[in-house]
Amino acid sequence: MSLEVQSKELSSMNTLGLRSVAPTYVDYVDDEQLPELTDLVRQHDQTFVLGGGSNVVLPEQMPGLMVHVATRGIALVDETPRHWFIEAQAGENWHEFVRACLDQGWVGLENLALIPGTVGASPVQNIGAYGVELETRLEQVSAWDFHEGRLQVFSRDACNFAYRDSFFKRQPQGRWLITKVCFALPRQWEPRIDYPDLVGCRALEAKGLLQPQHVFDAVCEVRRNKLPDPAVLGNAGSFFKNPVVDAVQYQHIKAINPGLVAYEQADGTWKLAAGWLIDKAGWKGFRDGPVGVHDRQALVLVNYGGATADDIQALAGRICEDVFAKYGVALEQEPVRAGLT
Ligand SMILES: Cc1cc2nc3c(=O)[nH]c(=O)nc-3n(C[C@H](O)[C@H](O)[C@H](O)COP(=O)(O)OP(=O)(O)OC[C@H]3O[C@@H](n4cnc5c(N)ncnc54)[C@H](O)[C@@H]3O)c2cc1C
């Protein structure tokens, strides 16, 4: 199918619901479009690849070209005594993919249920939730390089995964288009249910009754209770990463704030709960015109309606300054600021 270039209003294509227009927008629906798409990318100074729009801050006017990923397809491509290898096209909805796998008996992704967005974006920030990180289930990523005009296959190691980070997240915007992702799902199911919220699953396991579907249902229920639904209140999930500090800085902050929530890492550093820092700094429930901090989740910035990228970035900037002033900790934004070079 040949590409149709159009102007697109994007407020319903980003979960923050920010007002944004892409004057030059195309849907990528088929790999046969990649050569034509490459020509189009080369005609523009800037390109941005958009999936489900759940981890982006879109400017009012998108500069350059926007490529929206809308490919579909899920297939079992191989199996060994230990794994099923499942390949999904980048435009597949992540949650529907997790559900489809579970329906087929391909287990191991249930802790990642209900994360918004697409399969293609999942390696970009190495999505994770409830004790499972994507990298532990990923086999390889196929990505189209617009600079070279060719497809490259990345092994798990080549993706350079880290906490909410990967090779792809560190690349210039619009250079790479992830076309499909291959997952290695274990045939021997090992439930990950040590997260405090999954207490009901632990009770079932103790009785020998736990099934993957129970974990999927429990994760969905906890997420629905904890996080605001973007369809009701615009948000991008966690707006900041949990900052990691060395043991000296951790001890210093902890001495002044005994209630500090933090988790020791294998290398002796400490991951601080960014939501706790923001909450204790007094921001929970704060509202400034169309934007605010969610009244139950201090890590979630919300759009009450009509907000722009400038509104949300101004609020994020104020929170960062305040947290730094109070704790000496620099917060790092999780959603990608689209259109920045
Ligand atoms: C309510 C809510 C809860 C969330 N909970 C979690 C959570 O528990 N854990 C977690 O890790 N994240 C969470 N997120 C963040 C978000 O869901 C993930 O980061 C998700 O993977 C983003 O997918 P997307 O398709 O919407 O990507 P987009 O927002 O469209 O894009 C995000 C980034 O990926 C790039 N990108 C997208 N698709 C491609 C592609 N095919 N090829 C190359 N680059 C691409 C974009 O250019 C951009 O840089 C949450 C978000 C919301 C709104």
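Quick note: the coordinates plus some simple rules give every number you see, no bench work behind them. All values reported here derive from a predicted model rather than from experimental measurement.
Treating each Cα of the chain as one equal point scatterer and applying the Debye formula with no solvent, the log10 of I(q)/I(0) at q = 0.09, 0.14, 0.15, 0.16 Å⁻¹ comes out as -0.51, -1.24, -1.38, -1.50. Close Lys pairs in the chain, defined as Cα atoms under 28 Å apart and 8 or more places apart or on different chains, number 28. Restricting the calculation to alpha carbons of the range 74-226 gives Rg and Dmax of 15.9, 55 angstrom. Distance from the Cα centroid of the range 286-337 to that of the range 172-187 is 30 Å (rounded to whole angstrom).
State which helices in the chain qualify, where a helix is a whole DSSP H run, it must extend 18 Å or more along its own axis by its Cα atoms, and its mean Kyte-Doolittle hydropathy must be at least 0.0.
Details: long enough: 212-226 (21 Å, -0.80); 309-327 (26 Å, 0.10).
Membrane-span-like by this criterion, though nothing is claimed about a membrane: 309-327.
Here the translational diffusion coefficient of the range 234-337 follows from Stokes-Einstein with Rh set to the Kirkwood radius across Cα pairs; for 37 °C and 0.692 mPa s it amounts to 234 µm²/s.
Tell me, Kirkwood radius of the range 103-157 from alpha-carbon pair distances, in Å?
The Cα-based Kirkwood calculation yields 12.7 Å.
Here the Gaussian network model covers the chain, with springs between Cα atoms less than 10 Å apart; of 82, 72, 156, 82 fluctuates the most.
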